[in-house]
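Working notes, structure below.
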Amino acid sequence: MSNVGIMSMQRIANYGSFLQAYALKQLIEKLGHKVEFVDYHIGASVVKNNADNGNQYIRKIEKGLATFRYQASLPHKLAYIQYKQSFEKKYMPILGVTKEMNYNPQLDILVIGSDEVFNCIQENSNVGYSLELFGKDNNARKLITYAASFGNTTLEKLDRYGKKKEIGELLGQFDAVSVRDRNSGRMVEALTGRTPEYHLDPVLIYDYVNCCSRIPELNVTEKYLILYAYSDRISDNEADWIVAYAKKKNLKVYAIGGIKKCADKFIGCPPFEVLGYFKKAEEVITDTFHGSIFSVITHRRFTTLVRKSVGNSYGNEEKLTDLLERLNLTDRMTFDMKDAERINSQTIDFAAVDAILKQQRAYAKKYLQENIK
């Protein structure tokens, strides 16, 4: 049995970050190893945002105040704030994560990933620019990644901000490199000359539906559509279209992950319960990576709305396109919300998707077995 550390986005208060961290922990523990989560020191962001205060406590207050500017009902706003504020206290202990930070423990193996652990050129000061996410100053005998992603950090951005050389040198010190998307793979090859392995996100690899006893069976009698998106990404026009569409289909709109003016309910529930809601949904509309994944593993009809990156703004085109190409589900993507009616009317060959997942699960297990010894 090895002592294994996972350095990921485990302290980010959203469902995708939590469930991918939990899934990778389960996958490694099932191989017979002891697992703990490892923290990194948050560095200053290389992309400066004048509106972003560097003090984490002030940032929390500012985010709470920003919630009141969203187009949503007051009860939904208050429920959203409570959900965000209580997330760490309620759910982090499930991962074994406490308030005390776990920096640089002595380990047999340190696994960096999954999630956008390499997305270092961004404005988000909750992550910042931290070389520890590239393995610097670790105290492990072996260093690997699993399904790590650069997000929308590109070679051009690394070069523009003068970070290409040091990132390349650190990547070259890994014993094994696994990425989850094409952009990340190309960057590893360009920076190190090595060809990484490609693996799917842990939420797809860990069989939540059949293996996780924490997912409840919900007693919901009304029919509903899940809108899974961050609070600031659904425009007023998109929200108005969803209201009309849901009314036409005689569906309630359940907002998960963020608040929306078009929502009949905001669901601020435990992470595993989210999958319970997905299992009973009539259909899903999402503009997120993990919202798409939750739809896939629960066999729901879904539409994925793609957002383009503009300048340093955060888009999702690269990672969503790559994900759905790997699952042969590119027909679920659109740049126009109105296409959701057509897309969600079309069935999905989940038998074919499950066949891909079966193959990819075996491939990921082999990688973890061979590199965690």
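The values are calculated or read from the model by the stated rules, or taken from the named source; none is laboratory data. This one's a predicted model, so the numbers in the text were calculated from it and none came from an experiment. Every residue, glycine as well, gets a Cβ built from its backbone with ideal geometry; the counts of neighbours run over all protein chains shown. All accessible areas refer to the heavy atoms of the entire protein, side chains included, with ligands and DNA or RNA removed. Shrake-Rupley method; radii C 1.70, N 1.55, O 1.52, S 1.80 Å.
Equivalent-ellipsoid semi-axes (√(5λ), Cα gyration tensor) for region 115-253, whole Å, largest first?
Working through the eigenvalues yields semi-axes of 38, 21, 13 Å.
How big is the Kirkwood radius of region 121-161, worked out from every pair of different alpha carbons and given in Å to one decimal?
Final number for the Kirkwood radius of region 121-161 is 12.1 Å.
How much accessible area per residue does region 305-373 have, in Å², with a 1.4 Å probe?
Accessible area per residue, region 305-373: 53 Å².
Could you point to the residue in Leu329, Ser309, His299 farthest towards the positive end of the chain's charge dipole, with +1 and -1 charges on the Cβ of Lys/Arg and Asp/Glu respectively?
Value: His299.
Just from its helices, what would the mean residue ellipticity at 222 nm be for the chain, if runs of 4 or more DSSP H residues each count -39500 (n - 2.57) and the sum is divided by every residue, rounded to the nearest 500 deg cm²/dmol?
Theoretical 222 nm ellipticity from helices: -12500 deg cm²/dmol.
Suppose every Lys and Arg Cβ carries +1 and every Asp and Glu Cβ carries -1, with no other charges. What dipole size does region 146-239 come out with about its Cα centre, to the nearest 20 debye?
The dipole magnitude comes to about 320 debye.
May I ask you to give the average projected area over all directions of the convex hull of the Cα atoms of region 267-373, in nm² rounded to one decimal?
8.9 nm²
Once you've got the Cα coordinates, tell me which of Lys89/Lys247; Lys90/Lys373; Lys90/Lys248; Lys261/Lys319; Lys77/Lys358; Lys136/Lys365 are over 31 Å apart.
As for pairs spanning more than 31 Å Cα to Cα, those are Lys89/Lys247; Lys90/Lys373; Lys90/Lys248; Lys77/Lys358.
Using only C-alpha positions, report the orientation-averaged shadow area of the convex hull of the chain, nm², one decimal.
Seen from a random direction, the Cα hull of the chain projects 17.4 nm² on average.
If the viscosity is 0.890 mPa s and the temperature 25 °C, what Stokes-Einstein diffusion coefficient in µm²/s follows for region 174-278 when Rh is the Kirkwood radius over Cα pairs?
145 µm²/s
Explain nothing, just the number: relative contact order of the chain, from Cα pairs under 8 Å at least 6 residues apart, as a whole percent.
RCO, the chain: 17 percent.
In whole Hz and in residue order, list the ³J(HN,Hα) couplings for region 105-111 that follow from phi through the Karplus curve 6.51 cos²θ - 1.76 cosθ + 1.60, θ = phi - 60°; x for Gly and Pro.
So the Karplus estimates, Gly and Pro as x, are x, 6, 9, 7, 9, 10, 9 Hz.
Mean Kyte-Doolittle of at least -0.5 plus a Cα span of 27 Å or more along the axis: flag which DSSP H helices in the chain meet both, please.
Span-like helices, by this rule, are 74-95.
In the chain, carbon and sulfur make up what percent of the accessible area (probe 1.4 Å)?
47 percent
Compare the Cα positions of Ser149, Phe174, Gly128 along the charge dipole of region 112-226 (+1 at Cβ of Lys, Arg; -1 at Cβ of Asp, Glu; about the Cα centre) and return the one farthest towards the positive end.
Phe174
Which of Ser45, Ser345, Ser149 moves most in a GNM of the chain, Cα contacts under 10 Å?
Taking springs between Cα atoms under 10 Å, the residue moving most is Ser345.
For region 189-239, what is the convex hull (Cα atoms) projected area averaged across all directions, in square nanometres?
Mean projected area of the Cα convex hull: 8.0 nm².
Extending each Cα 7 Å along its Cβ direction at Lys136 and Arg214, get the distance between those two points in nm, one decimal.
Between Lys136 and Arg214, the label points sit 3.2 nm apart.
Taking a ≥ b ≥ c as the square roots of the Cα gyration tensor eigenvalues, with a/c under 1.5 meaning rounded and otherwise prolate when a/b beats b/c, else oblate, which class fits region 230-321?
oblate
Report, in debye and to the nearest 20, how large the dipole of the chain comes out about its Cα centre when Lys and Arg carry +1 and Asp and Glu carry -1 on their Cβ.
580 debye
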